[in-house]
Amino acid sequence: MNQRALIQECSRLLEMFLISRAEVLERAVRACVEALRRGGKLLLFGNGGSAAEAQHFAAELVNKFYEKRPPIRAIALTTDTSVLTSIGNDVSFEAVFSRQIEALADAGDVALALSTSGGSPNVIRALKAARKRKLVTIGLTGEGGGKMAGLCDILIDVPSSRTPRVQEIHLIALHVLAEEIENRLA
């Protein structure tokens, strides 16, 4: 596929996503804002490129997206190498996020999980831990949501199974969330 065709594919997918997922994206914004207004926090996690997107989203909230404002409580569970490697070594890699949820989460917080396939075992385990602790669970995933679908209060699934396209749309969705959260909390 040439460059032009790739960009056209992404453009078509983005248009389809914005039309078909606008309502669910708004529900996610409202859930995050409500939790933050109650003094809660957002706990973000995923693997690989999704880990990078979780970290990027946390940075937009803790620092700023557009406006200089008070920081917004968001933690990427993908950044503490000592915690990640300790849990991975002593327990299992499947527990790297769930163990942090158990340590850091309070009822009413938001767990935002990213997985292009919807089937990452450590993400699934973290969502189960989040539900057990009464967190609002939001999933960003590919078409249908995979195993994550039944564990998410709000599922934002990109209507594609192609990992690069899903990740591209996730980044746009996260920017929409960041901007809307910032605007509504201002």
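The values are calculated or read from the model by the stated rules, or taken from the named source; none is laboratory data. Computed from a prediction, not measured in an experiment: that's the story for all the values here. Ideal geometry is used to build each Cβ from the backbone, glycine not excepted, and the neighbour counts take in all protein chains shown.
Here are some notes:
- Of all the criteria given as (1) surrounded by 15 or more Cβ atoms within 10 Å (Cβ to Cβ); (2) modelled with pLDDT of 95 or more, the one not satisfied by ASN63 is (1).
- Strands (runs of 3 or more DSSP E) within the stretch 74-186 that include 2 or more residues touching a Ser or Thr at 6+ places or on another chain (Cβ under 8 Å) and small (Gly, Ala, Ser): 110-115
- Just one of the listed residues (GLU34, GLU53) is among the charged types (D, E, K, R), on the phi < 0 side of the Ramachandran plot and free of Cβ contacts under 8 Å to residues at least 60 places away in the same chain, namely GLU34.
- Total residues in the stretch 21-51 satisfying the condition of being surrounded by fewer than 15 Cβ atoms within 10 Å (Cβ to Cβ) and outside any helix (DSSP H, G or I): the figure is 3.
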